[in-house]
Amino acid sequence: MTHSTLGESVPRLEDQRFLTGAGQYIDDIHYPDELFAHFIRSEQAHARLLSVDFEEAAELDGVVAVYTVADLKRAGLGNLPCDAAFEAVRPLVKPPRPALADGVVRHVGDPVAVVIATSADAAQAAAELVLVDYEPMVAVVEPDLALADGAQAVWPEAPGNLAYEFVAGDEGAVADAMAHAAHIVEVALVNNRVTAAPMENRAAVGLYDAANDAFTLHCNGQGVHGIRKTLAEAVFGVSSEQMRVKAPDVGGGFGLKNFLYPEHVVLLFAARALGSPVRWSASRTEDFLSAAYGRDMLVNARLGLDPDGRFMALSADAIANMGAYLSGSGPNISTRAMPTAMGGIYAIPAIHLCARGVFTNTVPTDAYRGAGKPEANYLVERLIDKAARQLNIDPLSLRRMNAVSQFPYQMPLGPVIDGGQFAANLDAAAVLLANDDFTSRRTAARRDGILLGRGVACFLETSRGATEEGAEIIFAADGQIEIRVGTESHGQGHETSYPQLAGARLGLPLAAFRYVQADTHRTHMGHGHGGARTMHMGGKALMLALDDMLEKASAEAAALLQCDAQQVRFDAGRFASSANAASVTLAEVVSHVTERDGGAGALDTFASHHDAPIAFPNGCHVAEVAVDEETGTVELRRYLICDDYGTLVNPRLTAGQVVGGVAQGIGQALAERVCHEPDSGQLLSGSLMDYQILRARELPDFEVHLDGVPTTANPLGVKGSGQAGCIAAPQTIVHAILDAVAELGIEHLDMPVTPGSLWPVLHTARKGRLESA
């Protein structure tokens, strides 16, 4: 019997299910007599609701009911809450967010009413007959314009459209350092609004058991315990035991599916009102109109340097677009997450951040892969790249000179970095770039009208998410050992990596384990996947549960071995007695307990841990691009990754997570942007015809080099890799493009750098060059 080992690139166990069509998604879950929901969504970005006429729709064959907010109010349902909490200079304003619009719509796609019918086609046909009378109001979609004097108020309780103002750091120390700096570099940045666009759109099925007054929600969510808690306590006013939330296989999420959505509330309400299961699946356009977006931040930042290029101070003023409502954790991104990564891998003595959240007539924003850490890293890396150009210092050398080298390192805004390979990552990149003949290739390409550029950037992730997590070991009647965890997988490979951990600890093969997740009735607790936390937080919880179980099993083994428990040692799947040559396997101990007790429940074990420290994944990325001067087309020719993720449970899975994140970060830099018509607030990027996602053929073969320093933040030494690529790639790509066009005098470009945005800049630069000649 071959047992699992850590550090082995075991192929993913779940892939057999996915590749053979045996995966189970929301659209594979069906119930007899189920009904279908179709939502009527606002066509206006900001308007008063004068009336909703559904008389004709209600008479259509197959229609069972049409509901508006009035029905939800009569049922006593609460609003969707925002759980964000932090100390603020201007306290957080939390306007009400009912599941269906109440009197005013505040973004295009705001749900106004819902049709419930016996088929999806009937529900859609009826929805098209619902007549909504609007009184249009002025819409504001850009966050800086929303803060301008005289801007239309999105909410009367938020004067000036300010949702909050937050500060962190020592403003006085920064001001003093800036006053003594030899060089000050400034940037004004746009971190463009993007969508996660997972392959599987949002979907859910709501059920109600009248006999037990109990609800069940099947949803493709990413944090079922959090969704259950909000539904039970804040919306329906029932106990958590009356609310079950389950997620089957989930076709991608990237943060978008972390939250409770209005549709979840309406489905459960309708299921209770009608006594039948009610299902809903969003179309792609519907998700563009109503699913949480990411990023959308404007930043003005400054970096002060001494005469030798040492960093002295960093300041940033950020405007974060919250959208029309506060999503579940949206305000936390710029207030709790972003400060943890401010300064990146660099020793910067003084840092100050001011972040303002702003209401606009757009879909709310919330966590998207990295959530605050990409924004923090982008601003510091863009400043450093500009400083390197202005001071004529090699970008790698400037970064290496300022990288933290003594650990532990107390960051100015709080976290303590226990260790990392900051300088080593830069050195590794330099070695890999040393003999690629870039200078001569650049000269040759220039003769053909192609501008080659190379960009470098580093990143610092702060991995943890919520500060607690749990895991459970259950010995099932069929002989399998169930690993029940509170983290959740939707493509990362947890179904493989958790059994690897357990198999290595117990000396058992992967086939001995069954992985259980995302069911509030089968898992004790959990905070999902967010924050690249699964192996850091969930892995530690699993190891605690295994250790506790083995302690109980050792006592049982001692009885079988006729020795004291202190004389029992466990190794490679066996309990051996130091008092004699006897030994028993774990399976034999389980069998003994089962025969004695009628089940192995005495060995079942749950463990949790709290107040875990942050882990710090880090790395250096390099990109090479080719810019066609005639068309503005950017071709990504090379992408190099030198990263530190501490101990690697499964290197292949780690590399896959990193590459996936990098691809999304490249997409933000080169293609993706949510666009609104500025006056009407209409969404201009409402389909994949208008919102560009890069294709595989537009990406190079990634060169991934992983070499890490184990963290002390958990016993495994793992640091978390799920978000890193998305944090590192945007600035790396932008730096490469700026390097390519530097000879034309172009010093700044905003993401996404598309042919449509780059060509006019190139044209103006060439025209200016010709005129000056």
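Compute from the Cα atoms of segment 679-720 the Rg and the Dmax, the latter being the longest Cα-Cα distance, and quote both in angstrom.
20.5, 55
Enter the Cα centre distance for the pair segment 43-68 and segment 285-314, rounded to the nearest angstrom.
42 Å
Per residue, how many Å² of accessible area does segment 707-747 show with a 1.4 Å probe?
Values: 1050 Å² over 41 residues.
Accessible area per residue, segment 707-747: 26 Å².
Could you tell me which of Phe86, Ala75, Pro32 has its Cα farthest along the dipole of segment 1-125 towards the positive end, charges placed at Cβ (Lys, Arg +1; Asp, Glu -1), taken about the Cα centre?
Result: Phe86, furthest along the dipole toward the positive end.
Could you give the dipole magnitude of segment 222-267 about its Cα centre, charging the beta-carbon of Lys and Arg +1 and that of Asp and Glu -1, in debye to the nearest 20?
Working: 5 positive and 4 negative charges, 13 e Å.
About 60 debye.
In Å, what Rg and Dmax follow from the Cα atoms of segment 699-744?
Using the Cα atoms of segment 699-744, the pair Rg, Dmax is 15.7, 52 Å.
Just read off the accessible area of Ser757 with the full protein assembly in place, 1.4 Å probe, to the nearest 10 Å².
50 Å²
Hey, what does the equivalent ellipsoid look like for segment 432-545, semi-axes from the Cα gyration tensor as sqrt of 5 times each eigenvalue, largest first, whole Å?
Values: eigenvalues 419, 57, 31 Å².
Equivalent ellipsoid semi-axes, largest first: 46, 17, 12 Å.
Which of the listed residues, Val456, Ala466, Phe513, is farthest toward the dipole's positive end in segment 450-514, when Lys, Arg count +1 and Asp, Glu count -1 at the beta-carbon?
It is Val456.
Which of the GluC sites (Glu not before Pro) found in segment 139-242 are loop residues per DSSP with 15 or fewer other Cβ atoms within 10 Å of their Cβ?
Numbers: sites: Glu157, Glu165, Glu171, Glu186, Glu200, Glu233, Glu241; in loops: Glu157, Glu200.
Of the GluC sites (Glu not before Pro), the ones in loops of segment 139-242 whose Cβ has at most 15 other Cβ atoms within 10 Å are Glu157.
Provide the solvent-accessible area of His264, counting protein heavy atoms only and rolling a 1.4 Å probe, rounded to the nearest 10 Å².
The accessible area of His264 comes to roughly 10 Å².
Averaging the inverse of every distinct alpha carbon separation and then flipping it gives the Kirkwood radius. What is it for segment 532-583, in angstrom units?
Values: mean 1/r = 0.0837 Å⁻¹.
By the Kirkwood definition, the hydrodynamic radius is 11.9 Å.
What percentage of the solvent-accessible surface of segment 10-59, computed with a 1.4 Å probe over protein heavy atoms, is contributed by carbon and sulfur atoms? Let's see the in-between values first.
Values: 1450 of 3000 Å².
That share works out to 49 percent.
Counting only protein chains, not ligands or nucleic acids, how are Met199, Met543 ordered by accessible area (probe 1.4 Å), most first?
Values: Met199 175, Met543 30 Å².
The residues order as Met199, Met543, largest area first.
In the neighborhood of Thr462, defined by Cβ-to-Cβ distances under 11 Å, what is the net charge if each Lys or Arg adds +1 and each Asp or Glu adds -1? Could you put the intermediate results ahead of the total?
Values: positive: Arg336, Lys373, Arg464, Arg533, Lys719; negative: Glu461.
Spelling it out: positives minus negatives among the neighbours equals +4.
Towards the positive end of the charge dipole of the chain, with charges on Cβ (+1 Lys, Arg; -1 Asp, Glu), say which of Pro156, Gly491, Val250 has the farthest Cα.
Result: Gly491.
Please list the helices of the chain that count as membrane-span-like by this rule: a mean Kyte-Doolittle hydropathy of at least -1.0 together with Cα atoms stretching 15 Å or more along the helix axis, each helix being a complete DSSP H run. Display every interim value, and only then the final one.
Values: long enough: 262-274 (18 Å, 1.17); 373-391 (27 Å, -0.62); 422-433 (17 Å, 1.70); 494-506 (18 Å, -0.64); 539-561 (31 Å, 0.70); 586-597 (16 Å, -0.12); 651-670 (28 Å, 0.54); 724-741 (27 Å, 1.35); 755-772 (25 Å, -0.52).
Passing helices, by number: 262-274, 373-391, 422-433, 494-506, 539-561, 586-597, 651-670, 724-741, 755-772.
Roughly how large, in nm² to one decimal, is the mean projection of the convex hull of the alpha-carbon atoms in segment 100-247?
Numbers: hull surface 62.8 nm².
Result: a mean projected hull area of 15.7 nm².
So how long is each side of segment 167-206 along the principal axes, counting just the alpha-carbon atoms, biggest first, in Å?
Projected onto its principal axes, the Cα set of segment 167-206 covers 60, 21, 11 Å.
Under a 1.4 angstrom probe, counting protein chains only, how are Arg673, Arg228 ranked by accessible area, largest first?
Numbers: Arg673 120, Arg228 40 Å².
Result, largest first: Arg673, Arg228.
If you average the sequence gap of Cα pairs under 8 Å that are 6 or more apart and divide by the length of segment 31-176, what percent do you get for the contact order? Walk me through the numbers on the way to the answer.
Working: 252 pairs, mean separation 55.6, N = 146.
Reported as a whole number, the value is 38 percent.
Roughly to the nearest percent, how much of the accessible area of segment 394-456 is carbon and sulfur, given a 1.4 Å probe? Show your work: numbers first, answer last.
Details: 1620 of 3020 Å².
The computed percentage sits at 54.
So what's the convex hull volume per residue for the Cα atoms of the chain, in Å³? Display every interim value, and only then the final one.
Working: hull volume 139.4 nm³, N = 773.
Output value, Cα hull per residue: 180 Å³.
I need the per residue convex hull volume for segment 95-165, using only the alpha carbons, in cubic angstrom as a whole number.
Values: hull volume 8.5 nm³, N = 71.
Normalising the Cα hull of segment 95-165 by residue number yields 119 Å³.
In Å², and per residue, what accessible area does segment 332-461 have when probed at 1.4 Å with the other protein chains present?
32 Å²
Within segment 680-725, list the trypsin sites (Lys or Arg not before Pro) lying in a DSSP loop whose Cβ has at most 12 other Cβ atoms in a 10 Å radius.
Within segment 680-725, the qualifying trypsin sites (Lys or Arg not before Pro) (loop, at most 12 other Cβ atoms within 10 Å) are Arg695.
For a quick check: with amide H placed at 1.01 Å from N, whose amide H comes under 5 Å from Arg244's, ignoring anything fewer than 5 positions away on the same chain?
HN-HN under 5 Å from Arg244: Phe215, Thr216, Leu217.
What's the center-to-center distance, using Cα atoms, between segment 653-690 and segment 495-529 in Å?
Result: 33 Å between the Cα centres.
Trp280 accessible area, nearest 10 Å², 1.4 Å probe?
10 Å²
What ratio of Cα Rg to 2.2 N^0.38 Å holds for segment 1-146? Display every interim value, and only then the final one.
Working: Rg = 22.5 Å, N = 146, 2.2 N^0.38 = 14.6 Å.
My calculation over the Cα atoms of segment 1-146 gives 1.54.
Going by a ≥ b ≥ c, the root eigenvalues of the Cα gyration tensor, does segment 262-400 fall in the rounded group (a/c under 1.5), the prolate group (a/b larger than b/c) or the oblate group? Provide the component values of the computation, followed by the final result.
On the way: a/c = 3.58, a/b = 3.15, b/c = 1.14.
The shape class here is prolate.
For segment 314-371, what is the largest minus smallest coordinate of the Cα atoms on each principal axis, given in angstrom and ordered from greatest to least?
Per principal axis, max minus min of the Cα coordinates gives 38, 21, 12 Å.
For segment 611-730, what size does the Cα cloud have along each of its three principal axes, sorted from largest down, in whole Å?
Projected onto the principal axes, the Cα atoms of segment 611-730 cover 53, 35, 19 Å.
Can you give the charge dipole size of the chain about its Cα centre, rounded to the nearest 20 debye, using +1 on the beta carbon of Lys and Arg and -1 on the beta carbon of Asp and Glu? Mind showing how you got there, number by number?
Details: 58 positive and 94 negative charges, 265 e Å.
It comes to approximately 1280 debye.
So how do Met549, Met312 rank on accessible area, 1.4 Å probe, biggest first, that is with the largest at the start? Don't skip to the end; give the middle numbers.
On the way: Met549 0, Met312 45 Å².
The ranking, largest first, comes out as Met312, Met549.
Size of the dipole of segment 252-317 about the Cα centre, Lys and Arg at +1 and Asp and Glu at -1 on the beta carbon, nothing else charged, in debye to 20?
320 debye
The values are calculated or read from the model by the stated rules, or taken from the named source; none is laboratory data. The shown structure was predicted, so the numbers you read here are calculated from the model rather than taken from an experiment. A quick note on method: Cβ atoms are made from the backbone with ideal geometry, for glycine too, and the neighbour counts reach across all protein chains shown. Surface areas here come from the heavy atoms of the whole protein model, side chains and all, with no ligands, DNA or RNA. Shrake-Rupley method; radii C 1.70, N 1.55, O 1.52, S 1.80 Å.
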